[in-house]
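A short reminder: the numbers here are calculations on the coordinates, not readings from a lab. Given the structure is predicted, the values throughout are model-derived calculations rather than measurements. Cβ placement follows ideal geometry from the backbone for every residue including glycine, while neighbour counts extend to all protein chains displayed.
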Amino acid sequence: MDESLDSLVRQVRRRIELERSFGVSFDWGGRATAGNGEDDVAEAGSKADRLAALEQEMADCHACPLGKTRTNLVFGAGSAEADLVFVGEAPGQDEDEQGIPFIGRAGQLLTKIIESGMKMDRGDVYICNILKCRPPKNRNPLPTEMFTCMPYLERQLEIIQPRVICCLGGIAAKALLNTDDAVGRLRGVWHDWRGIPLMVTYHPAYLLRNPSGKAKVWSDIKQVIAKLAE
């Protein structure tokens, strides 16, 4: 496992464990705030309203240097009532320019999987990333960036409460599952994120480089389809 990714996962894990141990959340200046994520998302208002409020909260976020280099915040897209949420690692150049997740070449492949393979409208699922701002030159997220942005993803998932989560790639999977295992070991079997079934599969960008992996991804996606049909 890459040392930088290993460090990233360990630091994100420490933050999650710290919040769970003390029953608090942290603002982005490092100060503890009262309550916990479950209380926050229990506020009045529809899921769409609460997601919009969270996105507005992030609009002026400059807690890490990516806030200064982004063109647009890439918060997430899709239905607030989605049964299925796809989670990737970070926006790329196309996403940064338009403020919409997964619209470049990898995103077009994901859309094909959703619409042609799963027979669902892309707008009926929810798509987001761990990071909401593009890392320069599409590099992997740094530990400090993940440390700062991960709680926003958790709040998105807590608001939506999907029936299934599908992690696209190793960074998203390892962060949400608190594991060091490689994607090849994680994919193909069901995991759990706070009571929500979670499937791991390869990132669409990986498939663009390794088309032979499409059969494995389709196998994973068929399990997602079956789970949603239960």
Neighbourhood net charge (13 Å Cβ-Cβ; Lys/Arg +1, Asp/Glu -1) for Glu97: -1
For the stretch 85-96, 3J(HN,Hα) per residue [Karplus equation, 6.51 cos²θ - 1.76 cosθ + 1.60, θ = phi - 60°, Hz, x = Gly/Pro]: 10, 9, 10, x, 9, 6, x, x, 5, 4, 5, 4
R0 of 25 Å, Cβ-Cβ distance Lys227-Thr69: FRET efficiency to nearest 0.05: 0.05
Local electrostatic count at Lys222 - Lys and Arg +1, Asp and Glu -1, tallied over other residues with Cβ under 13 Å: +4
Estimated distance in nm for a label pair at Gln98 and Arg163, the labels positioned 7 Å out from Cα along Cα-to-Cβ: 2.9
